[in-house]
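A short write-up of the structure that comes next.
The values are calculated or read from the model by the stated rules, or taken from the named source; none is laboratory data. A quick note: this is a predicted structure, and the numbers were derived from the prediction, not measured. Positions of Cβ are generated from backbone atoms using ideal geometry, with glycine treated the same way; all protein chains shown enter the neighbour counts. The protein model used for the area step is the full one, side chains on, heavy atoms only, and it has no ligands, DNA or RNA in it. Shrake-Rupley method; radii C 1.70, N 1.55, O 1.52, S 1.80 Å.
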Amino acid sequence: MTKTATFAVVHFTVAFGVVYALTGSLVIGGLAALIEPMINTVAYHFHEKVWDRIRARRAARDQAAGISRVAI
């Protein structure tokens, strides 16, 4: 959990730093640091759903072909 928390802090800091450097605005930098990670989290959720479907299809195909693989 500590690693996740520190990653979140780094993510917010980078988002803020980049936008602040581009705009010079604390407000816009702060908004970007909050909004971008929230949107990214939702996008990641759907990204994982797509990969779960891909893994399921591969497993079904491999099972039908009699192939045994180690899950990654």
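Count of the stretch 42-72 residues, restricted to those that are more than 27 Å from THR4 (Cβ to Cβ), small (Gly, Ala, Ser), open to solvent by less than 100 Å² (accessible area, probe 1.4 Å) and modelled with pLDDT under 90, is 3. Yes or no: the stretch 14-29 includes at least one residue that is open to solvent by 90 Å² or more (accessible area, probe 1.4 Å) and in contact with a helix residue (DSSP H, G or I) (Cβ under 8 Å, 6 or more places away or on another chain). So far as the stretch 14-29 goes, yes, one or more of its residues are open to solvent by 90 Å² or more (accessible area, probe 1.4 Å) and in contact with a helix residue (DSSP H, G or I) (Cβ under 8 Å, 6 or more places away or on another chain).
Could you check the stretch 1-41 and list, in sequence order, the residues that are at pLDDT 90 or above and of a type in the set (Gly, Ala, Ser)? Those that are at pLDDT 90 or above and of a type in the set (Gly, Ala, Ser): ALA15, GLY17, ALA21, GLY24, SER25, GLY29, GLY30, ALA32, ALA33.
Within the stretch 50-70, residues that are on the phi < 0 side of the Ramachandran plot sit with their Cβ atoms under 7 Å from residues that are part of a helix (DSSP H, G or I), at 6+ positions apart or across chains, in these pairs: ARG69/ASP62.
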